[in-house]
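Read through the structure below, which is laid out as structure tokens, and then see the notes.
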Amino acid sequence: MKNLLKKTAERATNYLEGLPARSVAPQQDSVAKLSVLKELLPEQGTDPESVVQLLDETVSPATMAMAGPRFFGFVIGGALPATLAANWLANTWDQNSVLANVTPGTALVEEIALSWLLDIFKLPDDCAGTFVTGATVANFCALAAARRSVLEKVDWNVEADGMFGAPPITVIVGQEAHPTLMKSLGMLGLGRNRVVRVAVDAHGRMRSDALPKFSGPTIVCTQAGNINTGAFDPFAEICDAAHEAGAWVHVDGAFGLWAIAAPKLMHLTTGMNQADSWATDAHKWLNVPYDSGLAFVRDSDSLRAAMAITAEYLPTESQARNPSDYTPELSRRARGIEVWAALKSLGRAGVAEMIERTCQHAKRFAAGFEAAGHRVLNEVVLNQVLVSFGDKETTQQVIQEIQAEGTCWCGVTTWQEQTAMRISVSSWATTEADVELSLQAMLKVAAEHGKK
């Protein structure tokens, strides 16, 4: 085991050290070589060192360099050094971290990490929090608590009696709500198509003046960080209107929630902490390894009632917090360890600096494209930049050529009927030099395409 882990660590280190110099997208010949893995299940086993060697030599070259400094395709951060190391250690512990008196070490670290997160997000100390796989499940958990709360007000126990015959719940979302929110609503039996969609402004923000009249059990889903523009809904106005009518307000803040941790960006989040629940990802802007999502609920009893279970064989009696009381899974890894490591290694100042720095990188991209005569579609308030290279076909072709060139990788999107390249700057590893190198390469590709 010792020799195996040592050699594996060497392979992992070599991989990370090679990222800045390699093409961000894998080369086609490397992808083609993956075919050697397509075999029937072998009758006899293979020694572990050979297994790791095969994975490294075959799969490593065929990966997208998401852990590197120039991947801007999605809102993805590479793993901070402390978080990657903590992930390795936590996997070595191999704890099924669900009950505090069975796995006291990991349960306590997660509890501490949650208290630090509440501090960073400026949420009440008694909010319930939970570590899940990602924002989809975080939205699911928070909305499960919301569903319970609004139905409890009309004397319906949804956990006991289900949705059959339950009083209807009105769900209000912005016109540009993220698809994962809709997926969560579908899984909860609230429906993806029966939502009330509210018009948005030119930046993708929900218009508070377009909110419908509230009636009966109601959940309003707001957004912190539009996936295309980075814009924030007007939380204060929405919360005031919703709470006056007894409605629940949820914030889908997959990456935008982290803006409140940065003094220069905090103004974007005004009123956000007046909501009733929040969802975000740690594997985005906190730069921890996959998978790591977070849900927070003001009414801790609602989340616990929606998620907790008991059984005779489970030693659930404990004065400490049982992680399984707040998450859908009864079997779960201690993913809060990496979050604790990130916060411990960065501190409050480090988190703020990392978020503000990546937003400055986004502004530099926008300025560079505008100076070259290309159109930036959005007001760059966060870490998202939308660039058009002309009509739909031209923009798509330039993006494909940028991806193939290999210096960096950006994706294509459609926003308010306009096709654009979306640049998302989220990685701790991205430097000013990476931005300039990427910008130079992208502008060169666009210029050469224009000569064709």
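Here are the numbers for the structure shown:
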{"item": "Share antiparallel - DSSP beta bridges, the stretch 352-451, percent rounded to 5", "result": "100"}
{"item": "Cα gyration tensor category, rounded, prolate or oblate, for the stretch 231-348 with a/c compared to 1.5", "result": "oblate"}
{"item": "For the chain, size of Cβ-based charge dipole, Lys and Arg +1, Asp and Glu -1, in debye", "result": "740"}
{"item": "Karplus (6.51, -1.76, 1.60) ³J(HN,Hα), θ = phi - 60°, over the stretch 175-188, in Hz, Gly and Pro reported as x", "result": "4, 10, 4, 6, x, 5, 5, 5, 4, 4, 4, x, 5, 8"}
{"item": "Mean-position separation - Cα centroids, the stretch 199-251 and the stretch 48-118, in angstrom", "result": "34"}
{"item": "Assigned charges on the beta-carbon of Lys, Arg, Asp, Glu; the stretch 85-342 dipole about Cα centre (debye)", "result": "680"}
{"item": "For the chain, share of DSSP beta bridges that run antiparallel, in % to the nearest 5", "result": "60"}
{"item": "Among 428-441, 172-185, the order from most to least packed when residues are scored by Cβ within 10 Å on average", "result": "172-185, 428-441"}
{"item": "Nonlocal amide H pairs with Gly293, under 5 Å, H built at 1.01 Å", "result": "Val132, Thr133, Gly134, Ala282"}
{"item": "Cα lying deepest toward the dipole's positive end in the stretch 85-342, options Phe232, Ala145, Ala242, charges on Cβ", "result": "Phe232"}
{"item": "For the stretch 387-426, radius of gyration divided by Kirkwood radius, i.e. Rg to Rh on alpha-carbons", "result": "0.96"}
{"item": "Viscosity 0.890 mPa s, 25 °C: Kirkwood-radius Stokes-Einstein D of the stretch 352-451 over Cα pairs, µm²/s", "result": "182"}
{"item": "Antiparallel DSSP beta bridges within the stretch 85-342, percent to nearest 5", "result": "45"}
{"item": "Prolate/oblate/rounded label for the chain (Cα gyration tensor, a/c 1.5)", "result": "oblate"}
{"item": "Label-zone membership for the stretch 176-215, site Gln418, 7 angstrom Cα→C-beta point, backbone N under 13 Å", "result": "202-204"}
{"item": "Cα gyration tensor shape for the stretch 85-342, rounded if a/c is under 1.5, else prolate or oblate", "result": "oblate"}
{"item": "Label-point gap, in nm, between Val59 and Ser30 - each point 7 angstrom along Cα→Cβ", "result": "1.5"}
{"item": "Sequence-distant residues sharing a close amide H with Trp428 (under 5 Å, placed H)", "result": "Gly78"}
{"item": "Packing rank of 90-97, 200-207, where each peptide gets the mean count of other beta carbons within 10 Å, highest leading", "result": "200-207, 90-97"}
{"item": "By average C-beta atoms within 10 angstrom, highest first, the peptides 352-362, 255-265", "result": "255-265, 352-362"}
{"item": "Proximal lysines relative to Lys122, as straight alpha-carbon distance under 17 Å, when same-chain residues fewer than 8 apart are discounted", "result": "Lys264"}
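We did not get these values from a lab; they are worked out from the coordinates using the rules stated. Predicted, not measured: the structure shown is a model, and the values here were computed from it. Counting neighbours? That spans all protein chains shown, and the Cβs are built from the backbone with ideal geometry, glycine included.
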